[in-house]
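Structure first, then comments.
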Amino acid sequence: MTAITPPSVPFSASGNLLGYVCFEEDADEWRPNNTFSATLRLHDVKRSVSSARFIWRDEADGTLYPMLLPDILDIITAGTISLGVTKGWWIVGQRGRNYGLRRASEAETVVMPFSEQTSDDMACSMPRPHMPHGITHSARAYHCDGTRVSLRHREYDIKGGQSS
């Protein structure tokens with residue numbers, strides 16, 4: 001069975017991605033399925049009747065993400081795992097009623113730059129992985145060219161933190 005990319009994905013009350021959902025009511029929350037950047041550490045391996053899952057823990061916030069068996073092959077063959085840790089861009093895939101993290105394709109990680117916007121409650125048009133800590137979706141005005149974010153006259157290097 002080939003994987004599809006669902007528009008929304010199920011999460012538990014504790015904030016972890018659910019690996020299997022029989023009914024929509026089984027999930028505490030359905031979130032949009034956006035690509036995100038994370039460093040993941042292999043946490044556990046689970047076996048159920050219809051699938052085997054690798055459980056990954058996000059090193060930044062501790063969120064647990066299941067990964068279905070076919071998707072682990074991409075990480076192993078690409079050589080992007082070292083001592084149980086891998087980093088990259090991720091998105092959730094679905095096979096039947098099973099949900100699992102998979103490496104996002106290059107097309108799924110493209111971020112469109114946006115120009116400065118001003119309003120008291122601006123909606124962020126940039127995916128969360130690019131937002132440095134301390135920058136929220138309710139920021140008054142900021143500009144991003146894909147590398148740097150300017151917020152209230154302070155620049156942030158997306159990879160390195162706050163600049164002067």
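The values are calculated or read from the model by the stated rules, or taken from the named source; none is laboratory data. No experiment lies behind these values; they were computed from the predicted model shown. A quick note on method: Cβ atoms are made from the backbone with ideal geometry, for glycine too, and the neighbour counts reach across all protein chains shown.
Screening 84, 79, 88 for residues that are touching a helix residue (DSSP H, G or I) at 6+ places or on another chain (Cβ under 9 Å) and modelled with pLDDT of 50 or more leaves exactly one candidate, 88.
In the stretch 112-128, is there at least one residue being surrounded by fewer than 15 Cβ atoms within 10 Å (Cβ to Cβ), modelled with pLDDT of 85 or more and at negative phi? No. Screening residue 65 against (1) within 17 Å of residue 4 (Cβ to Cβ); (2) surrounded by 13 or more Cβ atoms within 10 Å (Cβ to Cβ); (3) touching a residue at least 24 places away in the same chain (Cβ under 8 Å) leaves a single unmet condition, (1).
Of all residue pairs spaced 6 or more apart or on separate chains, those with beta-carbon atoms under 9 Å, a first member in the stretch 4-33 that is more than 21 Å from residue 69 (Cβ to Cβ) and of a type outside the set (Asp, Glu) and a second member that is modelled with pLDDT under 90 and exposed (fewer than 12 other Cβ atoms within 10 Å of the Cβ) are 30/24. Yes or no: the stretch 67-75 includes at least one residue that is farther than 16 Å from residue 103 by Cα, among the hydrophobic types (A, V, I, L, M, F, W, C) and either at pLDDT 95 or above or not in a loop (DSSP other than H, G, I, E, B) (or both). No, every residue in the stretch 67-75 fails to be farther than 16 Å from residue 103 by Cα, among the hydrophobic types (A, V, I, L, M, F, W, C) and either at pLDDT 95 or above or not in a loop (DSSP other than H, G, I, E, B) (or both). Does the stretch 30-52 contain any residue that is in the same structural domain as residue 81 (by TED's automatic domain parsing), acidic (Asp, Glu) and assigned to a loop (DSSP other than H, G, I, E, B)? Scanning the stretch 30-52, I find no residue that is in the same structural domain as residue 81 (by TED's automatic domain parsing), acidic (Asp, Glu) and assigned to a loop (DSSP other than H, G, I, E, B), so the answer is no.
The residues of the stretch 1-38 that are surrounded by fewer than 13 Cβ atoms within 10 Å (Cβ to Cβ), closer than 15 Å to residue 63 by Cβ and among the hydrophobic types (A, V, I, L, M, F, W, C) amount to a single one, 13. Summed over the stretch 89-109, residues that are under 13 Å from the mean Cα position of the chain (by Cα), in contact (Cβ under 8 Å) with a residue 40 or more places away in the chain and buried (at least 17 other Cβ atoms within 10 Å of the Cβ) total 9. Of all the listed residues (52, 38), the sole one being more than 14 Å from the chain's Cα centre (by Cα) and among the aliphatic types (A, V, I, L, M) is 52.
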